[in-house]
1. Inspect all residues belonging to segment A:240-253 and state whether any of them is touching a strand residue (DSSP E or B) at 6+ places or on another chain (Cβ under 7 Å), more than 14 Å from chain B (Cβ to nearest Cβ) and not in a helix (DSSP H, G or I).
2. Would you check if residue B:110 is in the same structural domain as residue B:215 (by TED's automatic domain parsing) and free of Cβ contacts under 8 Å to residues at least 24 places away in the same chain?
3. Go through segment B:14-38 and give me each residue that's assigned to a strand (DSSP E or B) and touching a helix residue (DSSP H, G or I) at 6+ places or on another chain (Cβ under 8 Å).
4. Any idea which of (1) in contact with a strand residue (DSSP E or B) (Cβ under 9 Å, 6 or more places away or on another chain); (2) within 22 Å of residue B:197 (Cβ to Cβ); (3) within 14 Å of chain A (Cβ to nearest Cβ) is the one residue B:24 doesn't satisfy?
5. Strands (runs of 3 or more DSSP E) wholly in segment B:150-250 with at least 1 residues that are more than 18 Å from the chain's Cα centre (by Cα) and modelled with pLDDT of 90 or more - which ones?
6. Do we have any residue at all in segment B:174-184 that's touching a strand residue (DSSP E or B) at 6+ places or on another chain (Cβ under 8 Å) and over 20 Å from residue B:32 (Cβ atoms)?
7. Going by what's in this entry, would residue A:102 be described as farther than 30 Å from residue B:105 by Cβ and in a helix (DSSP H, G or I)?
8. Tell me, which helices (runs of 4 or more DSSP H) lie completely within segment A:125-183 with 1 or more residues that are within 14 Å of chain B (Cβ to nearest Cβ) and in contact with a strand residue (DSSP E or B) (Cβ under 7 Å, 6 or more places away or on another chain)?
C-alpha cells in the first residue's frame with residue numbers, strides 16, 4: 001500500500017496538475033499570457049475556507065461555489081485586461097496577483113497574515129474521508145478537467161482559440177469575436193484554478209496569503225511551459241516533474257533553486273516547446289516509432 | 001446597385017492623413033480595381049471597411065446599413081471577406097482548419113452551438129470543396145506555414161470564401177506570384193465573379209488590373225483622383241502624373 005507520505009506528495013502533484021491544465025487553457029490554447037493564475041487558486045481557496053468555517057457550508061457545495069466565484073472574478077478581471085496589448089497583459093495579470101494577495105493579507109475579514117485555519121477535509125455521509133480517498137477525489141477532478149479540455153479543443157471554441165493564438169487580427173477578420181473567446185478562456189481557466197484552490201484548502205486545512213503569490217503563479221507557468229505548452233500531455237508531465245522535484249531533490253535541497261534554474265535554462269535552449277511539446281525530441285521520436293498514433 | 005457606399009471617408013495616423021474625404025461606391029456584381037502609387041491609402045481603405053480601423057470622419061454603408069467603426073467579426077459575419085497584402089494564414093493549423101476557422105462563423109455566435117465538434121462530415125466536406133475551388137485539394141492536412149507563397153495566397157482566398165461573402169476584398173493578390181500563377185488567379189477571380197461575388201482588388205500588376213477589372217478607382221496620397229473604365233484611366237493625365245511624376249505626363253501628351 002502507498003505510504004502516507006507518498007499519498008501526500010501525489011495529492012500535491014495532482015492539485016498542481018489541475019492548476020497547470022487550467023492555466024494551459026488560457027495560455028496554451030487561447031495564447032493569452034497570464035502571470036497571475038495563483039490569484040484564482042487563492043480566490044477559490046479562500047471562498048471555500050470562508051464558506052466552510054464561517055457559513056457552515058459542507059465541503060461539496062463550498063467546492064462548487066469556489067469554482068464559480070473564481071470563474072466569475074476571472075471573467076470580470078479579464079474584460080479590461082483584454083483591451084491592452086500582449087506585453088501589457090503579462091504585467092496586468094501579475095498586478096492582479098499582487099492585488100489579490102494584498103487583499104487577503106491586509107483585510108481582517110480574510111484573516112490577514114494569519115490566514116484561515118480549521119478547514120476540515122471533506123465528509124461523506126458524516127465520515128471524514130481518508131487521505132487515499134482524497135487522492136481519488138483529486139484524480140476524479142483531473143479526469144474531469146481532461147475531459148472538458150478534450151471536448152473544447154475539438155469544438156468550434158477550440159478552433160477559435162487556436163486562431164486567436166496564431167493571429168488575433170486575422171481571426172477577427174474571419175468572424176471570430178476575439179474578446180468574447182478570450183474572456184471565455186479566462187473564465188474557464190480561472191474556475192479550474194478555483195476548484196484546485198478549494199481542494200488545496202481542505203487538504204492543508206489552513207491557508208495563508210503567501211500560498212497564492214506571484215511565485216506560485218510562476219511555478220504553475222513553469223510547469224505548463226516545461227511540459228509542453230498548448231498540449232494536453234505537457235502540463236500534466238510538467239506538473240508531475242516539477243511537483244515531484246522538491247521531494248526528489250531533497251538530498252540537494254540547498255541547491256534546489258539552482259537546479260530549477262539550470263533545468264529551465266537547458267529547456268529553453270534545447271527544447272523551448274517543452275519536454276513533450278509538438279517539436280520535442282521525445283514526441284518526434286514517438287511519432288517515428290508509431291506513425292499510426294499521429295493524433296494529439 | 002451600390003453594395004457598399006463610402007462617403008467622405010477620412011483617416012489620420014499621428015498627423016499623416018492616410019485617407020482624405022474619399023467618396024466612392026462598390027456596385028453589386030462588378031470587379032472593381034483600386035489602384036494608386038504606394039502609400040496612397042488603398043490598404044487603409046480596406047482596413048476601414050473591414051473594421052480594423054475606425055475612420056475619423058465619414059460613413060461606410062453596406063446594403064444601406066452603416067458599418068464604419070464596427071468590430072471586424074461583425075463585418076465579416078455580414079458577408080464582407082478579405083485577404084491580406086502580406087499573406088497571413090494561421091501557420092501551424094492545417095489548410096482544412098484554416099478554412100474551418102472562417103466557416104465556423106455560422107457557429108460562433110451561439111455558445112451552445114460553438115461547443116459542438118468542429119470536424120464533422122458537413123464542415124469537412126464544405127472545407128474540402130472550398131480548397132478544391134482554389135486548387136488546393138491535395139494539401140489539406142499540411143500546416144499552412146509550410147506552403148509556398150502562391151499556395152498561401154490561394155488558401156487565404158479559400159478562407160475568405162468560407163465566410164460566404166457577397167463582397168470579397170483582395171489586397172494585392174498577385175504580389176509575388178509568377179506569371180502563370182497570376183493567370184490562374186485571373187481565372188479564379190472571373191469564376192468567383194460569375195458566381196455572383198462582388199470583387200474589389202488592390203493591385204499594382206497592370207496586366208491583371210486591365211485584364212479583369214471592369215472599373216477602376218485611383219487613389220493618390222489618400223485622395224481619389226480618378227474613376228472610370230480601365231481604358232480611360234490609362235489615358236488620364238492625373239493618373240499618369242501620380243505614378244510617374246509631373247514632367248512625364250507632359251511628355252506623354
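1. Quick first cut of segment A:240-253, residues touching a strand residue (DSSP E or B) at 6+ places or on another chain (Cβ under 7 Å) only: none.
No, that holds for no residue.
2. Numbers: in the same structural domain as residue B:215 (by TED's automatic domain parsing): no; free of Cβ contacts under 8 Å to residues at least 24 places away in the same chain: yes.
Spelling it out, it is not the case that residue B:110 is in the same structural domain as residue B:215 (by TED's automatic domain parsing) and free of Cβ contacts under 8 Å to residues at least 24 places away in the same chain.
3. Within segment B:14-38, the subset assigned to a strand (DSSP E or B) is B:16-27, B:31-35.
Within segment B:14-38, B:18, B:19, B:22, B:31, B:33, B:34, B:35 qualify.
4. (3)
5. Numbers: elements: B:167-171, B:198-202, B:215-220, B:223-228.
Filter on segment B:150-250 gives B:215-220, B:223-228.
6. First pass over segment B:174-184, keeping only residues touching a strand residue (DSSP E or B) at 6+ places or on another chain (Cβ under 8 Å): none.
Scanning segment B:174-184, I find no residue that is touching a strand residue (DSSP E or B) at 6+ places or on another chain (Cβ under 8 Å) and over 20 Å from residue B:32 (Cβ atoms), so the answer is no.
7. Working: farther than 30 Å from residue B:105 by Cβ: yes; in a helix (DSSP H, G or I): yes.
Yes: the conditions hold for residue A:102.
8. Details: elements: A:131-153, A:156-166, A:168-173.
Because the criterion is at least 1 residues that are within 14 Å of chain B (Cβ to nearest Cβ) and in contact with a strand residue (DSSP E or B) (Cβ under 7 Å, 6 or more places away or on another chain), the helices (runs of 4 or more DSSP H) in segment A:125-183 that meet it are A:168-173.
The values are calculated or read from the model by the stated rules, or taken from the named source; none is laboratory data. For clarity, every value in this text was computed on a predicted model and none was experimentally measured. Virtual Cβ from ideal backbone geometry, glycine too; neighbours counted across all protein chains shown.
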